[in-house]
Amino acid sequence: MIQNVGNHLRRGFASMFSSRTSRKSVSHPESGDASAMAEGEGYRNPTEVQMSQLVLPCHTNHRGELSIGQLLKWIDTTACLSAERHAGCPCVTASMDDIYFDHTISVGQVVNIKAKVNRAFNSSMEVGIQVVSEDLCSEKQWSVCKALATFVAHRELSKVKLKQVVPLTEEEKTEHGVAAERRRMRLVYTDTIKDLLAHYAIQDDLDKDCSNMVPAEKTRVESVELVLPPHANHQGNTFGGQIMAWMENVATIAASRLCHAHPTLKAIEMFHFRGPSQVGDRLVLKAIVNNAFKHSMEVGVCVEAYRQEAETQRRHINSAFMTFVVLDKDDQPQKLPWIRPQPGDGERRYREASARKKIRLDRKYLVSCKQAEMALSVPWDPSNQVYLSYYNVSSLKTLMAKDNWVLSVEISEVRLYILEEEFLSFHLEMVVNVDAAQVFQLLSDLSRRPEWDKHCRSVELVQQVDEDDAIYHVISPTLSGNTKPQDFVILASRRKPCDSGDPYVIALRSVTLPTHRETPEYQRGETLCSGFCLWREGDQSTKVSYYNQATPGFLNYVTTNVAGLSSEFYNTFKACESFLLDNRNDLAPSLQTL
Ligand code: COA
Ligand code: ADP
């Protein structure tokens, strides 16, 4: 499923700027006139900003390709203008998520950048950026990269409270929902990485043959920049894109010193602008190759700012990690020399670079595997924990935001919708007279599910990962046609609303755990993407929706219900309602404040 979500997200992104003319929502309760209008011809997101630039020799590196530093400046400017269009006041770059560069851009080509605000929070906004290159002669186009940046709005005298973004199209709704989950991940990113690095027992290879190693010291770079008015906005704040360009410059020099060739930047890890910088600041940029792998290297860059009058008081502005490769004439990555780190900090960074490489690979695996190439469940591992729960929640939100749900059956106000796409999905809906926070508490404790769902015989909590994520072992009774009962290992990720328009979410997906491998006793079942979304309708009223992207094991259940051959879905949901009503007062004290 993860890979499927990855595909959905990528497809979502690819279509994020196109005027959509897709099928209109026929019967989904969320769809309205505005949405229908948005789906029509000529719709353009009001925050969308476009920039097109012809790549000239002055923008290129030694390989005659657009320098990534220049591209980052254009990306940052386009995204900032989109953020400011929404905010109506000046904005600064707070962070930039990981960027992977799929293509280089040659001199003479055109770069088209589009940016739009996916969601506004309090003073910050997530901006989605897409970069496409265009060859004017052949009319071919390539996707170069996608980026997500967070901008914070600033007003001189008061704290900004941004107006909400109202998503209209299906793609906007998906991005809007998922943006809240991405924000959650961003805010814990530094701690997550620190935690992972602290707990990783990296098998280092520091004692390998040192004869043909390059001492890391040889790659060290230090450079200073004076921030002048052209590097800053009209309020004198340095553009984030300008700082990123300076960082890329020193990182490229460090990388070149290792390989004695012109390296190509492949990826930049998520980074955060810790504090502002203004015109007149001196920025000291330091870079060094932290580790070299067979075909790629990690370069770390650190930026500090100081005022001339207080040179000793340096402010840490930013640190970033960039991955470079060296391409031969056929664009194949060349083998790189090994690096010998300096004892102390150098060796620590060497090990941490290995850990970050593993984390990056795990993450890439999560988003890029093709459906046919792997099992549906993905392994649970501390290094992919944050991303796995992110994809768990975002896949459910993506499914939820689909426009083409079709109402198939309705029995006494319990509705069954289906969605026919790559996978058949179904969605049940009812309104219960119980407060949303209570419903959330009761349904997110999976161990109580056997109390109302006869498809769950027993549920055991295997691991409480953190406050909001837990892994359960679920055993369901023998299904008709099977000889053995089924079991599932499920990651449940629950999320409270980010703001009043958001639902409570309980997302479920299969994972594999070494402690709970498949046994002959049970037939291992898998859930791709399922779970609950709960909307507060009133003080004591909640719309409960259950979503399920049907795996083969569920198909029979869905089709018999849709065909009217069974009213199982109704009975299950009614049992769920009774369970919620019976237990409406049985809240843990900590949840009274939800
Ligand atoms: N990624 C994304 N957003 C972040 C973030 C991160 N790593 N850290 C904080 N934020 C968001 C918060 O979520 C909050 O958003 P909200 O108001 O919508 O809830 C907003 O930034 C302000 O957070 P707050 O806790 O009040 O402030 P802070 O002390 O963490 O400061 C910045 C955050 C971004 C304002 C501050 O670090 C800063 O000024 N950085 C420099 C920005 C800049 O000048 N950039 C240009 C290049 S130097
Ligand atoms: P850390 O040392 O934990 O990696 P820092 O923010 O201090 O974090 O530095 C980020 C990266 O910047 C380092 O990994 C390193 O690659 C580079 N760097 C930091 N200090 C220097 C320095 N004095 N000289 C060269 N490069 C440096």
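The values are calculated or read from the model by the stated rules, or taken from the named source; none is laboratory data. As the structure is a computational prediction, the values presented were derived from the model and not from experiment. Quick reminder, even Gly has a Cβ in these numbers, built from the backbone with ideal geometry, and neighbours come from all protein chains shown. Areas reflect the complete protein model, heavy atoms only, side chains present, ligands, DNA and RNA absent. Shrake-Rupley method; radii C 1.70, N 1.55, O 1.52, S 1.80 Å.
Quick look at the numbers
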read-out: Spread of Cα-to-Cα distances over 10 Å intervals beginning at zero, given as percent, for region 413-528; value: 12, 37, 37, 13, 1
read-out: Rg/Rh for region 253-327, where both radii come from Cα atoms and Rh is the Kirkwood radius; value: 1.07
read-out: With 10 Å bins from 0: P(r) over region 44-160, alpha-carbon pairs, percent; value: 15, 43, 28, 12, 2, 0
read-out: Hydrodynamic radius by Kirkwood, which averages 1/r over all alpha carbon pairs of region 110-180, in angstrom; value: 13.9
read-out: Rounded accessible area per residue of region 150-197, 1.4 Å, Å²; value: 52
read-out: Local electrostatic count, residue 470, Cβ distance below 10 Å [Lys/Arg +1, Asp/Glu -1]; value: -4
read-out: Cβ crowding within 10 Å averaged over residues, with 434-443, 220-229, 573-582 ranked highest first; value: 434-443, 573-582, 220-229
read-out: Region 292-359 - percent of accessible surface contributed by carbon and sulfur, probe 1.4 Å; value: 45
read-out: Cα gyration tensor shape for region 139-197, rounded if a/c is under 1.5, else prolate or oblate; value: oblate
read-out: Anchor residue 329: lysines whose Cα lies under 21 Å away (excluding residues fewer than 8 positions away in-chain); value: 266, 294
read-out: Over 26 Å between alpha carbons, listed pairs 402/454; 73/218; 397/484; 194/397; 402/496; value: 402/454; 73/218; 397/484; 194/397
read-out: Portion, in percent, of the accessible area of region 416-468 that falls on carbon or sulfur, probe 1.4 Å; value: 43
read-out: Approximate spin-label separation residue 521-residue 458, in nm, with each point projected 7 Å along Cα-to-Cβ; value: 0.7
read-out: Nonlocal amide H pairs with residue 457, under 5 Å, H built at 1.01 Å; value: 475, 476
